[in-house]
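The values are calculated or read from the model by the stated rules, or taken from the named source; none is laboratory data. Note that the structure is predicted; figures quoted are calculated from it, not measured. Because the Cβ atoms are built from the backbone with ideal geometry, glycine has one as well, and the counts that use them run over all protein chains shown. These area figures cover heavy atoms from the full protein model, side chains too; ligands, DNA and RNA do not enter into them. Shrake-Rupley method; radii C 1.70, N 1.55, O 1.52, S 1.80 Å.
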Amino acid sequence: MLENHEQWFVNIDLKLNSHTEMIGGLAEDVSVLKTDVSVLKEDMSIVKTDICLIKGDLKQKVDYKEFTILERRVSAVEVS
């Protein structure tokens, strides 16, 4: 009976060691993911800044409808 309990404790110890190794591996994975997320945050900040600049540039440009109106007015002036 004592041998059965000893074997049971040995099995539990093996399982705990296995789980400890798995948790250690997961902790490393989480560390890598945190680093990746940090890099992505920096990249997204740059992308947001670039998009704001592009939006500003686009607002300064004439849209197609305004261009066609201007084109007609210039054509009318040229004909006169």
Legend entry - Residue ID - least open to solvent (accessible area, probe 1.4 Å), chosen from residues in the range 38-80 that are assigned to a helix (DSSP H, G or I) and of a type in the set (Ser, Thr, Tyr): 68
Inset, instruction - Would you mind telling me which numbered condition in (1) at pLDDT below 95; (2) of a type outside the set (S, T, N, Q); (3) under 35 Å from the mean Cα position of the chain (by Cα) residue 9 fails? - result: (3)
Inset, instruction - Within the range 13-34, identify whether any single residue is assigned to a helix (DSSP H, G or I), without any contact (Cβ under 8 Å) to a residue 12 or more places away in the chain and more than 37 Å from the chain's Cα centre (by Cα), and answer yes or no. - result: yes
Inset, instruction - Taking residue 18 as the residue in question, decide whether it is loosely packed, with under 10 Cβ neighbours inside 10 Å, out of contact with any strand residue (DSSP E or B) (no Cβ under 6 Å at 6 or more places or on another chain) and not charged (D, E, K, R). - result: no
